[in-house]
Amino acid sequence: MAQGHKFQDLEEMGEALLEYVNSTQTDKLALMKAEHQALFDQHVETKKIVTQILKEEAQIEESVGQRLLDMEEEKQQRDRELEGLEQQLRQFLKGELESLRNAEDQLETLQSEVDEDTTEVIPSAVYVAQVYYLITKIKWEYETPPNILKGVHYGTDLATPINIDTTARSRSNVSDQLWGFVSTEW
Amino acid sequence: MCLKKCKDDEMLFETIQTFKIDLEQKNSSLKEKQHDISEVISEIQQKEMQKDEIIQKIEKLKEEQAKRKELIVSQNKANKDRLRNLQKARLVFQDHLGMEIRTILGKTQLVKGEKLQFVFRNINPSDQESAYVVTLGIKEDGAYQIVSSDPVLECLPALESRLQETNNLPAFLANVRKEFISQARS
């Protein structure tokens, strides 16, 4: 009888338990399960989106990396351009300066020659010419054929033209004639 | 399974962070490179401007030099022309008058006409080249002084005093020549 009661108690307890579990926890569990499912679904969704973002980000990363390479290349190109220009400029300058300097040297040389002629050679030649004129009073014509002596003797009262063909005459003969214009009278 | 999902998520987030940091770095590198490129470009522009400036300066220098050259060349030409004519006349006197004039440097600085040498040729018809020389000095007051003659002329002192009396250089020379001739042609 007692076992029968115990068994009945157990049954009742069991039923009560079952009732209890079924009535309350099931709801809670179902709720939990539903929430869990929702979270899981959201998570999958989020993961999809994040993966997509990552993909796009990877593409951006790649294109930015490429841009960086392009820029580096451009910079190097510009650097080469600059160097080329500088070298060009240096060569050009060197050449021009050298040519200017050479021309300047030439000019200096010519200037010295001009100076020497002006200060020494010409005055000296003029002096000699003056002495000749002082003595002979003869002025020669510049453009004459080779063996013709043409000029003028400027005597005190008279100007006498001179026209001598030296081909057929001896040197002393011509000299004697010309000295004839210079008087021995004091 | 939840734990595994968590780990996966953590990795995703880490990757996102890494991308973010990397992109920031790349961006700042890009900015830097862009800046460098701008600097190089501006340097190139500056150099181009400098180059133009220098070219202009050089052109100007060349122009100035060309002007100076023109001046010097024309001065030289004028000098040479004058010298040519002076030299021509001198040669005519030397060859046909048969008298060469030489200025001799004294021991001190050459003063025009300090000593004059007259070299006669065409004196001896059988030896036209042989030289007959008379050397004079000119004092500060312009007075003449006989230094020597070659060959020696006995009448030279007499001629000297007449010269000093009259200052008549032409007559003196004509008489000296007459004496040389009478010596040579007798």
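Regarding A:Gln25, is this residue more than 8 Å from every other protein chain (Cβ to nearest Cβ), within 30 Å of B:Ser38 (Cβ to Cβ) and either within 59 Å of the chain's Cα centre (by Cα) or polar (S, T, N, Q) (or both)? Answer is no for this residue. If the condition is being more than 30 Å from A:Asp70 (Cα to Cα) and at the interface with chain A (Cβ under 7 Å from one of its Cβ atoms), then region B:31-61 contributes B:Ile54, B:Ile58, B:Leu61. Scanning region A:169-186 for residues that are assigned to a loop (DSSP other than H, G, I, E, B), hydroxyl-bearing (Ser, Thr, Tyr) and touching a Pro at 6+ places or on another chain (Cβ under 8 Å) gives A:Ser170, A:Ser183. Within the bounds of region A:78-89, is there any residue that is within 30 Å of B:Lys69 (Cα to Cα) and either touching a residue at least 60 places away in the same chain (Cβ under 8 Å) or of a type outside the set (S, T, N, Q) (or both)? Within region A:78-89 (the criterion being within 30 Å of B:Lys69 (Cα to Cα) and either touching a residue at least 60 places away in the same chain (Cβ under 8 Å) or of a type outside the set (S, T, N, Q) (or both)), the answer is yes, since at least one residue qualifies. Of all residues in region B:6-17, those that are facing chain A (nearest Cβ under 10 Å) have Cβ atoms under 6 Å from Cβ atoms of residues that are part of a helix (DSSP H, G or I), 6 or more apart or on another chain, in B:Leu12/A:Val50. Within region A:98-110, residues that are within 25 Å of B:Asn79 (Cα to Cα) sit with their Cβ atoms under 8 Å from residues that are of a type in the set (A, V, I, L, M) and surrounded by 11 or more Cβ atoms within 10 Å (Cβ to Cβ), at 6+ positions apart or across chains, in these pairs: A:Leu107/B:Ile72; A:Leu110/B:Ile72; A:Leu110/B:Val73. Would you say B:Ile138 is free of Cβ contacts under 8 Å to residues at least 24 places away in the same chain and not aromatic (Phe, Trp, Tyr)? No, not satisfied. Residues of region B:7-37 that are modelled with pLDDT under 90 and hydroxyl-bearing (Ser, Thr, Tyr): B:Thr15, B:Thr18, B:Ser29.
Can you tell me which residues in region B:124-174 are among the acidic types (Asp, Glu) and in contact with a strand residue (DSSP E or B) (Cβ under 8 Å, 6 or more places away or on another chain)? Within region B:124-174, B:Asp150, B:Glu160 meet the criteria.
Taken over region A:169-186, the residue count meeting the criterion of being at the interface with chain B (Cβ under 7 Å from one of its Cβ atoms), of a type in the set (S, T, N, Q) and surrounded by fewer than 17 Cβ atoms within 10 Å (Cβ to Cβ) is 3.
The values are calculated or read from the model by the stated rules, or taken from the named source; none is laboratory data. Model, not experiment: these values are computed from the prediction. For neighbour counting, all protein chains shown are included, and Cβ atoms are generated from backbone atoms with ideal geometry for every residue, glycine included.
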